[in-house]
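Undergrad: Got a structure here, written out as structure tokens. Questions coming.
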Amino acid sequence: MKFSKLLVLCLGTVLLASCTSDEKMKQQMTKLLQEDPKILTEAIEKHPAEFITALQNAAKNAQEEMGKKREEDEKKKLEESFDKPLVAEIRSDEAIRGPKDAPLTLVEYSDFECPFCSRGYATVNDLMKKYNGKIRFIYKHLPLSFHEQAMISAQYYEAIRLQNEQKAWQFHDEIFMNQAKLKNGTAFLDASAKKVGADMAKLKKDLNSDAVKNRIAADMKEAADFGMQGTPGFLLNGVPVRGAYPAEYFVTLVDELVKRGKVKL
């Protein structure tokens with residue numbers, strides 16, 4: 001058997017890749033390698049350059065195939081989400097930016113300390129400007145365990161929301177515009193809360209209350225139910241967007257929603 005053919009078949013067996021459609025030959029090759037694995041090692045030692053080239057080509061082909069499969073899977077999921085949108089709970093006391101009856105609803109599951117969420121913050125601002133008066137935004141919590149200040153920041157936000165919705169939004173903006181200062185912990189959070197005019201005595205009382213903790217827990221459960229494992233995660237009229245995509249991507253989704261008659265702007 002020629003080396004190149006042997007190598008391809010060996011790689012196919014070792015890497016579990018379909019390097020040949022000949023199932024019988026693959027079975028024979030597997031049996032041969034099991035009986036005498038030195039065949040492969042000796043071939044590699046004699047032809048290292050060819051082995052590396054073949055390995056690189058196999059890896060490239062595998063990556064391309066995996067990429068195509070992921071793309072096809074994402075397209076399928078996106079198509080399904082237009083017909084079966086995810087429905088987030090919009091509570092009666094929800095803090096909402098924009099008209100409450102806006103045709104577009106953007107829900108974000110976010111982590112105040114996540115650097116990608118700061119990109120999400122910029123994207124949301126861009127979308128609020130582009131669709132001014134036609135979009136409403138709802139911020140929900142998904143504090144990740146490895147971000148030390150994420151949970152306490154969410155608690156501050158919710159404690160302030162209990163006082164005043166607009167002050168909560170101002171606090172939200174203050175954190176994302178100065179995210180690096182979160183390393184200062186509660187000193188920065190207290191300063192930000194005072195800056196937006198929060199009642200600090202009430203805030204401290206509500207910070208660890210069941211009302212605050214249960215609210216955050218409900219958001220986290222909803223995010224998990226929707227398969228939001230990282231941050232930021234979004235729902236645009238029920239269409240999930242998992243990751244910090246630019247505003248342009250959301251615009252394409254809006255255009256598609258309009259095209260399908262799912263929304264009128």
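The values are calculated or read from the model by the stated rules, or taken from the named source; none is laboratory data. Note that the coordinates shown come from a computational prediction; the quantities given were computed from them, not determined experimentally. For neighbour counting, all protein chains shown are included, and Cβ atoms are generated from backbone atoms with ideal geometry for every residue, glycine included. The protein model used for the area step is the full one, side chains on, heavy atoms only, and it has no ligands, DNA or RNA in it. Shrake-Rupley method; radii C 1.70, N 1.55, O 1.52, S 1.80 Å.
Undergrad: Please report the accessible area of MET128 (heavy atoms, 1.4 Å probe, ligands and nucleic acids excluded) in Å², nearest 10.
TA: Result for MET128: roughly 40 Å² accessible.
Undergrad: Accessible surface of ASP126 in the full protein assembly, 1.4 angstrom probe, to the nearest 10 Å²?
TA: So the heavy atoms of ASP126 present about 80 Å² to solvent.
Undergrad: Accessible area per residue, 1.4 Å probe, Å², for the chain: what's the number?
TA: Solvent-accessible surface per residue comes out at 57 Å².
Undergrad: Ok, one more. What residues have an amide H closer than 5 Å to that of ASP111, excluding those fewer than 5 places away on the same chain, when H is modeled at 1.01 Å from N in the peptide plane?
TA: Result for ASP111 returns LEU142.
Undergrad: Separate question: Please compute the contact order of the stretch 170-265 in relative form: average sequence separation of alpha-carbon pairs under 8 Å and at least six residues apart, divided by the residue count, as a percent.
TA: Worked out over the stretch 170-265, it gives 11 percent.
Undergrad: Rg and Dmax of the chain, using alpha carbons, in Å: what are they?
TA: Reported Rg and Dmax, both Å: 26.3, 82.
Undergrad: Right, something else. Got the relative contact order for the chain handy, in percent, Cα pairs under 8 Å and 6 or more residues apart?
TA: 21
Undergrad: Using a cut-off of under 11 Å, list every residue of the stretch 147-166 whose amide N is near the label point 7 Å from the Cα of ALA211 along the Cα-to-beta-carbon line.
TA: Residues passing the 11 Å test: 159-164.
Undergrad: I need to check one value: relative contact order of the stretch 89-214, counting alpha carbon pairs closer than 8 Å and at least 6 residues apart, in percent.
TA: Relative contact order comes out at 26 percent.
Undergrad: Using heavy-atom solvent-accessible surface (probe 1.4 Å) with all chains present, what is the largest-first order of MET66, MET151?
TA: MET66, MET151
Undergrad: Once a ≥ b ≥ c are taken as the square roots of the eigenvalues of the Cα gyration tensor of the stretch 113-167, is the result rounded (a/c under 1.5), prolate (a/b larger than b/c) or oblate (a/b not larger than b/c)?
TA: oblate
Undergrad: Here is a follow-up. What nm distance separates the two modelled labels at ASN61 and PHE116, each placed 7 Å from Cα along Cα→Cβ?
TA: It is 3.2 nm.
Undergrad: For every other residue with a beta carbon closer than 10 angstrom to the beta carbon of ALA191, add +1 if it is Lys or Arg and -1 if Asp or Glu, then tell me the sum.
TA: That sum, taken over residues with Cβ under 10 Å, equals +1.
Undergrad: So what does HIS47 come to for accessible area, using a 1.4 Å probe and Å² rounded to 10?
TA: 60
Undergrad: Please give the net charge around THR231, taking every other residue with its beta carbon less than 12 angstrom from that of THR231, where Lys and Arg add +1 and Asp and Glu add -1.
TA: My count for the surroundings of THR231 gives -1.
Undergrad: Out of the total accessible area of the stretch 125-261 (probe 1.4 Å, heavy atoms of protein only), what percent is carbon and sulfur?
TA: Within the stretch 125-261, the accessible surface is 49 percent carbon and sulfur.
Undergrad: Please report the orientation-averaged projected area of the stretch 40-150, defined via the convex hull of its C-alpha atoms, in nm².
TA: Taking a quarter of the hull surface, the average projection is 12.4 nm².
Undergrad: Within 9 Å, Cβ to Cβ, of HIS147, how many net charges do the neighbouring residues add up to if Lys/Arg are +1 and Asp/Glu are -1?
TA: Counting the neighbours of HIS147, the net charge comes to -3.
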